[in-house]
Structure formats: C-alpha cells, structure tokens
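Notes for the one structure printed next.
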Amino acid sequence: HGRYFTLMSFTRRVENFKCRHCGQSVQGNGYANHCPFCLWSRHVDIEPGDRLEICRGMMEPIRVTAEGDGYKITHRCQSCGDIRQNIVAREDDFEVLARIASN
C-alpha cells in the first residue's frame, strides 16, 4: 500500500525534462512535477523539489479530484506503490484530465 504524503517543505526547481512515459519535451516552471501532455510523473522527491528519493519509479496518474478552487492529480508509483498528490497546472491537457477523472 502506498502512503499519502504531507507537504512539509518545498524546494522550487526549474527543470526541463523529456517525459519518460510519452516522450514529449517539457518546459519546467519550478512548480509542476508532471508531464502536462500525459500527466505521468517520476518518483524523485522525498520532500517536494529535493530530488532525494532513490526509487525513481514512474508515477501513474490514477485520479483527479476537486479541492478548494482547483484540482489535484493523484499519482501511484509503479515501482514502490507510494501515493502522492499534485496540483493540476494550467498547462495540463484537459482531455487527459477528463479521461482520468471519469475512470
């Protein structure tokens, strides 16, 4: 079973990356930690932005939920089962968000 992660601290890192799930090139903004095209992420942080997690597994987007004025994506690590939530970004593909939300 995965564990839910409570945000304790945040280190902003502006990093561009190539998505390991869909192959798209992603321009980092220092806040979003997932691909805006397919919404997959990678398990790289213990605390947001620290890049200290040794797992490095792929994080599958499994749920989209409303929270306050926005939405959150729940990711589950395919390697260790850890569960994390991330804020939906303005750049995120709406059709992919809707497809995940309807499952």
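Data table
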{"read-out": "Members of region 27-38 that are modelled with pLDDT of 90 or more, within 14 Å of ILE87 (Cβ to Cβ) and in a loop (DSSP other than H, G, I, E, B)", "value": "PRO36"}
{"read-out": "Any chance ARG84 is open to solvent by 80 Å² or more (accessible area, probe 1.4 Å), at pLDDT below 95 and either touching a Phe, Trp or Tyr at 6+ places or on another chain (Cβ under 6 Å) or in a loop (DSSP other than H, G, I, E, B) (or both)", "value": "no"}
{"read-out": "Selection count where residues are open to solvent by 40 Å² or more (accessible area, probe 1.4 Å) and of a type outside the set (Asp, Glu), scope region 87-103", "value": "8"}
{"read-out": "Conditions (1) out of contact with any strand residue (DSSP E or B) (no Cβ under 9 Å at 6 or more places or on another chain); (2) more than 15 Å from ARG99 (Cβ to Cβ): number failed by CYS22", "value": "(2)"}
{"read-out": "Region 39-77 - residue that is small (Gly, Ala, Ser) and in a loop (DSSP other than H, G, I, E, B) and, of those, most open to solvent (accessible area, probe 1.4 Å)", "value": "GLY68"}
{"read-out": "Residues within region 80-100 that are over 22 Å from GLN24 (Cα atoms) and small (Gly, Ala, Ser), tallied", "value": "1"}
{"read-out": "Filtered residue count, region 77-103, keeping only those that are under 13 Å from the mean Cα position of the chain (by Cα) and basic (Lys, Arg)", "value": "1"}
{"read-out": "Residues that are closer than 14 Å to ALA101 by Cα, aliphatic (A, V, I, L, M) and without any contact (Cβ under 8 Å) to a residue 12 or more places away in the chain, drawn from region 54-88", "value": "ALA66"}
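The values are calculated or read from the model by the stated rules, or taken from the named source; none is laboratory data. Everything numeric here is computed off the predicted structure, so don't read it as measured data. Virtual Cβ from ideal backbone geometry, glycine too; neighbours counted across all protein chains shown. Note: accessible area is taken over every heavy atom of the protein model, side chains too, but ligands, DNA and RNA are not part of it. Shrake-Rupley method; radii C 1.70, N 1.55, O 1.52, S 1.80 Å.
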